[in-house]
Amino acid sequence: MPGARIHITGIVQGVGFRPFVYNLATRLDLKGWVKNTSAGVDIEVDGEQNILDDFIRALRDEAPPLSRIDDFTASFGPGNGFTQFDIIHSESVDGAFQPISPDVSICDDCLRELFDPNDRRYRYPFINCTNCGPRFTIIKDIPYDRPFTTMAGFHLCPDCEKEYKNPTNRRFHAQPVACPVCGPKVWLEIQNSEFRIQNDDAIVETRKLLVDGKILAIKGLGGFHLACDATNANAVRELRTRKLRVDRPFALMMPDLETIEKHCFVSEQESELLQSTARPIVLLKKRPESTIVEEVSPKQEWLGVMLPYTPLHYLLFANPNLQPSTFDLPPLVMTSGNLSEEPIATDNAEARKRLSKLADAFLMHDRDIHIRCDDSVVRVFSEQSTVDSGKTDHWSLTTYPIRRSRGYSPFPVKLPFDTPNLLATGSELKNTFCITNGNYAFLSHHIGDMENYETLKSFEQGVEHFERLFRVKLIAIAHDMHPNYLATRYALERAEREGLPTIAIQHHYAHVAACMAEHGLTEPVIGVSFDGTGYGDDGAIWGGEFLVADYASYQRAAHLEYFPLPGGDAAIKKPARTALALLWSLGLDWEENLASVKEFCAEDQVTLRVQLEKKINTPMTSSMGRLFDAVSALAGVRQKVNYEGQAAIEFEAMADSAEAGQYVFGVESGQVRVRGVVEELVKDVMAGVPTSKISARFHNGLAESVREVVKRISGETLIKSVVLSGGVWQNITLLRRTLALLHDGNFIVYIHREVPTNDGGLSLGQAAIAASRLRG
């Protein structure tokens, strides 16, 4: 009798793959075994050749929904005389690694059991199975087995052990499996009280506190949330005060799709994304009649909304005294459990210390979080597709990631080439890092803004964890060119300590390469990289860049003209400074009726002029993000900002979609000129033209200038592939209009679909470029 040996790699551990193989083999009456190794899944099986062929075909076609097969090899030979089919013990292979599944939202089966009074896990907040529950946040090492997770200390009761060992049970080898008898417990600690409220009573009391307008710290999958009633203006204002978060929007959690549709417009694609196993925060347009208070998302018409993704979340919304699935709690603010700019709290003791002044009470549990992981943020975007000829095909809806973390990380990006073992340390803001092994690029979860010691420690912990999980022994470290970024300093100090070479990568080049890598592009492209800040080759602050690039090198083909940034960071925080500096650099008057001019008294205006004339702490910039700041201020929208990008976000939100007019940018000697734009914009402001029209005209003109510059570069290089990357491309108004114009010009345009267009995707580009350089 013949036999087959099969090796499978990809997301094949922690997703029910072995029980799937067992049941498939049993159904086909095959004999042999299956096991996990740190290199993948191995199978040996005996049977008639036609049955073996059916088996191999079904392994691919019927694989569990959470799995992803990357490589599949099968060889045939004489059978081994097996008499039964077994699942045998996992094996560790030196140096081998496997992708790890992200955390997965609660499945329909577990949700049904959660609210079934006859089920032994009724209202148990840690119910899970092979198809759902924590993965990435609890795993310490591979292979993915219970002893290598934070569940190791919870010993299975007889009932759970029976399920765990039964290959036909959906909890077979579900590593976090537990029940009220043997698993983690939940409790409530109220500030200034010595008593703990345990188990289900803790959840019931938490509901009461939320309804009463209190702020709760709630431990989740990847860290703590701070929660309050999103329909209670006083509660939301108090949360902002405590968290030191003035205007940045809060995320929301609502119990079901029906509730979301009462507050937001939801398309079919947005609905699918909301209900996906990743359960990200999805940006949705707010309905005018919504009772979500303005304080949740000031001056914006978009809300970031997610559905519950853990059993505990569902229990919070469900009234225990009514029908089991009756959700009567109002929508909740669910924002990261931290003080502004700090990493999210994960440990109970840490939360008590760091969140004591933020929360009125703590809903805690004793299942440890090994690695912190914030919620992911995405939106749905309508993108015009093209066929190979570059001719327009149709408009399609695509996922446009804003923050890639829980539910997506550490899912790898497959590169179009093999790479050496590298670490790319990313940027200062919205930091992620990237580890490479083979043709996998493992982009980390969201680390955050690298501006303090706490975030640096979180970064270091994450790097150490990834290197261990993916069996990486570094041969080099890639980093941003900016010498003062914490991520850069980490790279340089570690490299010196360990005797490793370092590779400095220009910021905007890395943006372009990140988009190339996720699309598997290998030929040169025209990269349009627009963002707020990036260290340039000439020492200036770049950010309005047109590059001709491949992984080996790049040429700066054009850029936004330079203008001064008086005070550097001071100008970023106060766009009015940037606005006046822009007027000064263009030789335009500071009209006293402009809102930006009114921000400064006469004495301060003199001081600012002297600073500009004498070039005191006044770096030059070609940043498109800073240009948006300046025109937003000149239009009277925002003179000071409380979070990155606020001026541009509010300026975009006011754009009139019906306005066809535009301000005309000049293009001269490889520079995009703005004098005509600023003159016309100021003239419109002084004439009382509605800000909605001013915003639309600026967006229309900028999109047209992108087409004009790209067209010129293409004429010189014959390149038709265009990449749009950088944080400014989160501006959907600009993105949509630019894409339409480029498609009309028969360009093939690539935008981000797997990693963020902002600095959260930068480390992927750094890794791809560094790998190319090392390969020569």
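The values are calculated or read from the model by the stated rules, or taken from the named source; none is laboratory data. Predicted model, so just to flag it, every value in this text is computed and none were measured. No Cβ is skipped: glycine too gets one built from the backbone with ideal geometry, and neighbour counts run over all protein chains shown. The area values use the complete protein model at the heavy-atom level, side chains included, leaving out ligands, DNA and RNA. Shrake-Rupley method; radii C 1.70, N 1.55, O 1.52, S 1.80 Å.
Observations on the structure shown:
- Condition met for residue 99 (in contact with a strand residue (DSSP E or B) (Cβ under 8 Å, 6 or more places away or on another chain), at pLDDT 95 or above and part of a loop (DSSP other than H, G, I, E, B)): no
- Qualifying residue in the stretch 610-631 (condition: assigned to a loop (DSSP other than H, G, I, E, B) and touching a His at 6+ places or on another chain (Cβ under 9 Å)): yes
- The conditions of being under 19 Å from the mean Cα position of the chain (by Cα) and not aromatic (Phe, Trp, Tyr) are not met by residue 331.
- Taken over the stretch 421-444, the criterion of being open to solvent by less than 10 Å² (accessible area, probe 1.4 Å) and either closer than 17 Å to residue 98 by Cα or free of Cβ contacts under 8 Å to residues at least 60 places away in the same chain (or both) is satisfied by 422, 434, 435, 436, 441, 442, 443, 444.
- Subset of the stretch 502-520 [assigned to a helix (DSSP H, G or I) and either charged (D, E, K, R) or free of Cβ contacts under 8 Å to residues at least 40 places away in the same chain (or both)]: 518
- Exactly one residue out of 43, 6 is touching a residue at least 40 places away in the same chain (Cβ under 8 Å), open to solvent by less than 10 Å² (accessible area, probe 1.4 Å) and outside any loop (DSSP other than H, G, I, E, B): that is 6.
- Of the residues examined, residue 91 is one that is surrounded by fewer than 17 Cβ atoms within 10 Å (Cβ to Cβ) and either within 24 Å of residue 366 (Cα to Cα) or touching a Ser or Thr at 6+ places or on another chain (Cβ under 7 Å) (or both).
- Being assigned to a strand (DSSP E or B) and more than 31 Å from the chain's Cα centre (by Cα) is a description that does not apply to residue 682.
- Matching option when the condition is basic (Lys, Arg), in a helix (DSSP H, G or I) and open to solvent by 40 Å² or more (accessible area, probe 1.4 Å), among 207, 248, 242: 242
- Flag for residue 88 being closer than 25 Å to residue 174 by Cα and among the β-branched types (Val, Ile, Thr): yes
- Looking only at the stretch 236-275, residues that are without any contact (Cβ under 8 Å) to a residue 60 or more places away in the chain and among the small types (Gly, Ala, Ser) come to 1 in all.
- Tabulated pairs, the stretch 669-695, first under 29 Å from residue 711 (Cα atoms) and free of Cβ contacts under 8 Å to residues at least 24 places away in the same chain, second open to solvent by 40 Å² or more (accessible area, probe 1.4 Å) and hydrophobic (A, V, I, L, M, F, W, C), C-beta under 7 angstrom, 6+ apart or interchain: 676/664
- Every residue from the stretch 107-123 that is open to solvent by 10 Å² or more (accessible area, probe 1.4 Å) and either assigned to a loop (DSSP other than H, G, I, E, B) or acidic (Asp, Glu) (or both): 107, 108, 109, 113, 115, 116, 117, 118, 119, 120, 122, 123
- Within the stretch 364-395, being among the acidic types (Asp, Glu) and either modelled with pLDDT under 75 or surrounded by fewer than 19 Cβ atoms within 10 Å (Cβ to Cβ) (or both) holds for 366, 368, 383, 388, 393.
- Any chance residue 349 is free of Cβ contacts under 8 Å to residues at least 40 places away in the same chain and among the hydrophobic types (A, V, I, L, M, F, W, C): yes
- Residue 169 meets all of the listed conditions (1) over 32 Å from the mean Cα position of the chain (by Cα); (2) buried (at least 18 other Cβ atoms within 10 Å of the Cβ); (3) among the polar types (S, T, N, Q) but one, namely (2).
- Taking first residues from the stretch 52-71 that are at negative phi and at pLDDT 95 or above and partners that are open to solvent by 60 Å² or more (accessible area, probe 1.4 Å) and in a strand (DSSP E or B), the Cβ contacts under 9 Å between residues at least 6 apart in sequence or on separate chains come to 52/76.
- When the stretch 46-67 is limited to residues that are open to solvent by less than 60 Å² (accessible area, probe 1.4 Å) and within 24 Å of residue 407 (Cβ to Cβ), the one that is farthest from the chain's Cα centre (by Cα) turns out to be 63.
- Selection within the stretch 10-40 - assigned to a strand (DSSP E or B), crowded, with 22+ Cβ neighbours inside 10 Å and of a type in the set (S, T, N, Q): 36
- Qualifying residues in the stretch 608-642 (those that are out of contact with any helix residue (DSSP H, G or I) (no Cβ under 8 Å at 6 or more places or on another chain) and exposed (fewer than 14 other Cβ atoms within 10 Å of the Cβ)) - the one nearest to residue 564 (Cα to Cα): 615
- Only strands (runs of 3 or more DSSP E) whose full extent lies in the stretch 521-599 are considered here, and the ones with at least 2 residues that are more than 27 Å from the chain's Cα centre (by Cα) and crowded, with 20+ Cβ neighbours inside 10 Å are 554-560.
- Residue in the stretch 706-716 that is farther than 30 Å from residue 519 by Cβ and without any contact (Cβ under 8 Å) to a residue 24 or more places away in the chain present: no
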